[in-house]
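Trainee: Just passing along the structure, written as structure tokens.
The values are calculated or read from the model by the stated rules, or taken from the named source; none is laboratory data. None of these values were measured; they are calculated from a predicted model. So basically every Cβ, Gly included, is an ideal-geometry build from the backbone, and we count neighbours across all protein chains shown. Ligands, DNA and RNA are excluded from the accessible area calculation, which covers all protein heavy atoms including side chains. Shrake-Rupley method; radii C 1.70, N 1.55, O 1.52, S 1.80 Å.
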Number of protein chains: 2
Amino acid sequence: MVILHATVEQLAEAGYGAFTIESVAARAGVAKSTIYRHWPDRIKLIIDALSSFHEQMVPGLHDATAREQVQRLVRHVARVLLDSTFAGCISALIEGAQRDPRLREFLHHYSAHRRQELVDVIAGGVRTGELPAGLDPELAAASLLGPIFYRRLMSAEPFDPDRADDLAAIVLGPPPSQRPSRSGRRRRT
Amino acid sequence: MVILHATVEQLAEAGYGAFTIESVAARAGVAKSTIYRHWPDRIKLIIDALSSFHEQMVPGLHDATAREQVQRLVRHVARVLLDSTFAGCISALIEGAQRDPRLREFLHHYSAHRRQELVDVIAGGVRTGELPAGLDPELAAASLLGPIFYRRLMSAEPFDPDRADDLAAIVLGPPPSQRPSRSGRRRRT
């Protein structure tokens, strides 16, 4: 566990290009041979380290409407990208994915797995009629997660978790209480 | 221009970590000293190279409604990210921005500059009443661009430019012709 933790810290700090098994060994205070005994190369080590941080990242979704669940998941992802071990590694992972097919496959799989809960919540909400009919769950999930990653990676201001409900209102349409009672303008927020 | 072109190609191919002035000189077939005469370091060279590719990337927006302009801009960005010199460099730029404050500032500035046209079109559409009142132009622009970058960087399938209109319908609401004439479900697409 010390080694996996050192792996993630080293990846965040040094980036993908400068990431070596040697630097992880030095950071963890273990011999290089100890690491090589379990991980044949740096890609396998990175994949194991990232996978081990996965499970701590899921908020409770009980007793909530589909919209509330979407809001919670969006707020959660925004918080994770604001400040977390994973957030520090994203740019290195993206760069590594561009260079190494195994890391690329891992990142896409990991990301699809993380996205699935949101896709399922949206699909469920469409099915029960709570969310707009015809809303494509995959496209809607990308429209909710995309802005958070975009702001984190391409802008000076990360996405503010307090705006999760506003983002949900854009993608899902306004909540019933804020809908105009007659035709005309669609949004009031 | 040969040097700037070689810079972008080298960045796309080697990534940020392995990008050196030496490798650009070799690719361009010029002496290292020729490059150093104009660019004191690799960051300045990268910034100049990216800036020079900027202007070719803007579609015509004349004679179009705000929604049509949004659709064109979204489709254009989707095409650029699908296959362009810039697309090949994004992961290297993101990684470089994480490592170097000057590259970070450039990327954020460049990205804000590229986003501005979309923000202005949305703001204009809200002002004339064509787009929903209360739609936040900055948040809407991030909701339109974010999914395209997210799909390019974090998933196995890049965003399909043919779905630009669907994405615009999610963020701007459905076009008038597809709105239900009475209350009830908001989307039909």
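Trainee: Are any of the residues in the stretch A:31-54 within 29 Å of A:Arg151 (Cβ to Cβ), modelled with pLDDT under 90 and open to solvent by 60 Å² or more (accessible area, probe 1.4 Å)?
Mentor: For the stretch A:31-54, residues within 29 Å of A:Arg151 (Cβ to Cβ), modelled with pLDDT under 90 and open to solvent by 60 Å² or more (accessible area, probe 1.4 Å): absent.
Trainee: Quick check on my filter: what residues within the stretch A:32-58 are assigned to a loop (DSSP other than H, G, I, E, B) and in contact with a Leu (Cβ under 7 Å, 6 or more places away or on another chain)?
Mentor: Listed by number, the list holds a single entry, A:Trp39.
Trainee: Do you know which residues across the stretch A:10-31 are within 14 Å of chain B (Cβ to nearest Cβ), assigned to a helix (DSSP H, G or I) and within 25 Å of the chain's Cα centre (by Cα)?
Mentor: Residues satisfying the conditions are A:Gln10, A:Leu11, A:Ala12, A:Glu13, A:Ala14.
Trainee: Could you say whether any residue in the stretch B:82-90 is touching a Phe, Trp or Tyr at 6+ places or on another chain (Cβ under 7 Å), more than 9 Å from chain A (Cβ to nearest Cβ) and closer than 21 Å to A:Gly96 by Cα?
Mentor: Checked against the condition, which is being touching a Phe, Trp or Tyr at 6+ places or on another chain (Cβ under 7 Å), more than 9 Å from chain A (Cβ to nearest Cβ) and closer than 21 Å to A:Gly96 by Cα, the stretch B:82-90 yields at least one hit.
Trainee: Considering each of A:Leu107, A:Leu139, A:Leu145 in turn, give the residue that is touching a residue at least 60 places away in the same chain (Cβ under 8 Å), in a helix (DSSP H, G or I) and either open to solvent by 30 Å² or more (accessible area, probe 1.4 Å) or at the interface with chain B (Cβ under 10 Å from one of its Cβ atoms) (or both).
Mentor: Of A:Leu107, A:Leu139, A:Leu145, the one residue that is touching a residue at least 60 places away in the same chain (Cβ under 8 Å), in a helix (DSSP H, G or I) and either open to solvent by 30 Å² or more (accessible area, probe 1.4 Å) or at the interface with chain B (Cβ under 10 Å from one of its Cβ atoms) (or both) is A:Leu145.
Trainee: I need every pair where a residue in the stretch A:61-89 that is in contact (Cβ under 8 Å) with a residue 60 or more places away in the chain has its Cβ under 9 Å from the Cβ of a residue that is in a helix (DSSP H, G or I) and of a type in the set (S, T, N, Q), sequence separation at least 6 or different chains.
Mentor: Taking only residues 6 or more apart or on different chains, the pairs are A:Leu61/A:Gln69; A:Ala66/A:Thr128; A:Gly88/B:Gln98.
Trainee: Further, regarding this structure: Residue check, B:Gly134 against (1) facing chain A (nearest Cβ under 8 Å); (2) open to solvent by 10 Å² or more (accessible area, probe 1.4 Å); (3) not in a loop (DSSP other than H, G, I, E, B), all met but one. Which one?
Mentor: Failing condition for B:Gly134: (3).
Trainee: Another question, if that's okay. Which of the residues that make up the stretch A:15-30 are open to solvent by 20 Å² or more (accessible area, probe 1.4 Å) and touching a residue at least 40 places away in the same chain (Cβ under 8 Å)?
Mentor: Across the stretch A:15-30, the qualifying residue is only A:Gly17.
Trainee: Which of the following residues is away from chain A (no Cβ under 11 Å), more than 16 Å from the chain's Cα centre (by Cα) and buried (at least 20 other Cβ atoms within 10 Å of the Cβ): B:Arg127, B:Arg67, B:Arg102?
Mentor: The unique qualifying residue is B:Arg67.
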